[in-house]
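Since the structure comes first, as structure tokens, the remarks are kept for the end.
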Amino acid sequence: MPAARILQEVCAAETREVALDESGRPIAVRLTRLTEDRPVQIGRLMTGRLRTISLSQGGGFVELDGHAGDAFLRLQEGHGLTEGQSLEVRVVAETREGSKLPRVALAGKSKDFRFLDPWGTAAVERVEPGDETVAMAFDMVISETVNLPGGGNITLERTRALVAVDVDTSGRSDTGRAANRALKVNLDAAAELARQIRLRNLGGLIVMDCVSPLNREAGKQVRDRFNTVFRSISDQRVRALLPSDLGLLQASVEWAETPIAERLLDPSGSKSSRTVCFDGFRRLEQEARAKRMDRLRLDLPGHALAWLSKEGGELRQALAEKYGDRFTYDSTDPKSPIVATVP
């Protein structure tokens, strides 16, 4: 299902984009930032050298050109390649936390990337910095809890081994037999989970703890709803099983892009210094557009100002070129960025 609309928020420091379905729900986000070097991106053609073959690990390691690091190439017996050989490859899975190398495939044998099509099929609508719909989508991708349309919510917790999903029925007003009520919330949860996996760029093993009671026929409907929704927004390989006797719906989803949360959060799960700084620059740009003659001060949390002082010269220059050199930066160590007019 291609996006019905694409919202694009262009700021001096970053560009944020959100693909929306026909009901206005976000189904994918995209982020492009200054000061963030991402040479290995999904679908990109690259060249490199086959450094090591290790069939016991399922393939070999390719040293990518341009100082882009190593990538893993799946190989089988009789592949015909030799160590040291130059290759043209396509990136099929980006890097992620846990020292997971990006994965590549030989350029002539790589798949199409139709699941990226939403970005090329709908008209792009430019929105102002701080647009509420864009902000909501980017807040959603880092939130553990997501509300369901009929009430209740799901909570997604990513661990090293899997993504665990809990279904909470609080706030629902379904009527009828317990089995029917459980089926309704499980169907809503399965559909929302499918959207969240694509939206957040998740992959690997997904386990959802369904609401009971859940018989085999109801379990089949829940599994089919998950598959139908996911395949409508992505062509990543997915395999979902019928819920187990314990009510666990298990799915395996092919990894593709780096999870968006890894680019926005630090290892503790809080917004990274870079992200906090970019939030501040977005607020600063909102004020700069509204107050075109005023001098403005950006008050950042201490860790964000430290990052800006070390890494943010390009950011300050980009904003000055766009709005003039009328900004100062300091820190009273607020919890979040504050923009004030300088008297």
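The values are calculated or read from the model by the stated rules, or taken from the named source; none is laboratory data. Note that the structure is predicted; figures quoted are calculated from it, not measured. Cβ placement follows ideal geometry from the backbone for every residue including glycine, while neighbour counts extend to all protein chains displayed. The area values use the complete protein model at the heavy-atom level, side chains included, leaving out ligands, DNA and RNA. Shrake-Rupley method; radii C 1.70, N 1.55, O 1.52, S 1.80 Å.
Taking the conditions (1) in a helix (DSSP H, G or I); (2) surrounded by 13 or more Cβ atoms within 10 Å (Cβ to Cβ) in turn, residue 220 satisfies each one other than (2). With the condition kept exactly as written, say whether any residue in segment 285-297 is closer than 24 Å to residue 19 by Cα and surrounded by fewer than 18 Cβ atoms within 10 Å (Cβ to Cβ). Yes, that holds for at least one residue.
Name every residue in segment 196-214 that is under 15 Å from residue 179 (Cα atoms) and open to solvent by less than 20 Å² (accessible area, probe 1.4 Å), in order of residue number. Step through it out loud before you land on a result.
Filtering segment 196-214 down to residues under 15 Å from residue 179 (Cα atoms) leaves 210-214.
Once the filter is applied, which keeps residues that are under 15 Å from residue 179 (Cα atoms) and open to solvent by less than 20 Å² (accessible area, probe 1.4 Å), segment 196-214 yields only 210.
The residue of segment 262-272 that is farthest from residue 196 (Cα to Cα), among those that are among the small types (Gly, Ala, Ser) and open to solvent by 30 Å² or more (accessible area, probe 1.4 Å), is 268. Of everything in segment 142-173 that's of a type in the set (Gly, Ala, Ser) and open to solvent by 60 Å² or more (accessible area, probe 1.4 Å), which residue is nearest to the chain's Cα centre (by Cα)? Among them, the one singled out is 161. Annotation note: Cβ proximity below 6 Å between a residue of segment 178-194 that is within 20 Å of residue 145 (Cα to Cα) and without any contact (Cβ under 8 Å) to a residue 60 or more places away in the chain and a residue that is open to solvent by 30 Å² or more (accessible area, probe 1.4 Å) and in a helix (DSSP H, G or I) (sequence gap 6+ or interchain) occurs for 187/225; 190/225; 191/225. Every residue in segment 257-315 that is in contact with a His (Cβ under 9 Å, 6 or more places away or on another chain) and of a type in the set (Val, Ile, Thr), please. Answer for segment 257-315, where residues must be in contact with a His (Cβ under 9 Å, 6 or more places away or on another chain) and of a type in the set (Val, Ile, Thr): just 276.
For residue 150, state whether it is small (Gly, Ala, Ser), at pLDDT below 95 and assigned to a helix (DSSP H, G or I).
Details: small (Gly, Ala, Ser): yes; at pLDDT below 95: yes; assigned to a helix (DSSP H, G or I): no.
So residue 150 fails the test.
Within segment 51-74, the set of residues being open to solvent by 70 Å² or more (accessible area, probe 1.4 Å) and among the polar types (S, T, N, Q) comprises 56, 57.
Please go through segment 288-302 and pick out each residue that is within 19 Å of residue 9 (Cβ to Cβ) and within 28 Å of the chain's Cα centre (by Cα). Quick ask: steps written out before the conclusion?
Applying the first criterion (within 19 Å of residue 9 (Cβ to Cβ)) to segment 288-302 yields 288-290, 298.
298 - this is the single residue of segment 288-302 that is within 19 Å of residue 9 (Cβ to Cβ) and within 28 Å of the chain's Cα centre (by Cα).
The selection criterion, being open to solvent by 60 Å² or more (accessible area, probe 1.4 Å) and at pLDDT below 90, holds for residue 77.
Looking only at segment 26-42, which residues are within 18 Å of the chain's Cα centre (by Cα), buried (at least 16 other Cβ atoms within 10 Å of the Cβ) and part of a loop (DSSP other than H, G, I, E, B)?
Taking segment 26-42 first, the residues within 18 Å of the chain's Cα centre (by Cα) are 26-34, 36-42.
Among the residues that remain, those that are also buried (at least 16 other Cβ atoms within 10 Å of the Cβ) are: 26-31, 33-34, 40, 42.
Hits for segment 26-42 are 34, 40, 42.
Of the residues making up segment 59-101, those that are outside any strand (DSSP E or B), closer than 26 Å to residue 159 by Cα and either in contact with a strand residue (DSSP E or B) (Cβ under 6 Å, 6 or more places away or on another chain) or hydroxyl-bearing (Ser, Thr, Tyr) (or both) are 95, 99, 101.
If you go through segment 328-343 and pick out every residue that is open to solvent by 20 Å² or more (accessible area, probe 1.4 Å) and either under 18 Å from residue 14 (Cβ atoms) or acidic (Asp, Glu) (or both), you end up with 5. For segment 256-275, the criterion of being over 21 Å from residue 98 (Cα atoms) and under 22 Å from the mean Cα position of the chain (by Cα) is met by no residue. Evaluate the following for residue 242: is it open to solvent by 60 Å² or more (accessible area, probe 1.4 Å), within 30 Å of residue 187 (Cβ to Cβ), in a loop (DSSP other than H, G, I, E, B) and of a type outside the set (Asp, Glu)? Criteria not met by residue 242.
Any residue in segment 4-15 that is open to solvent by less than 20 Å² (accessible area, probe 1.4 Å) and in contact with a Cys (Cβ under 9 Å, 6 or more places away or on another chain)? Yes, there is a match, as at least one residue in segment 4-15 is open to solvent by less than 20 Å² (accessible area, probe 1.4 Å) and in contact with a Cys (Cβ under 9 Å, 6 or more places away or on another chain). For segment 303-322, residues that are surrounded by 13 or more Cβ atoms within 10 Å (Cβ to Cβ) and either more than 22 Å from residue 36 (Cβ to Cβ) or under 27 Å from the mean Cα position of the chain (by Cα) (or both) total 12.
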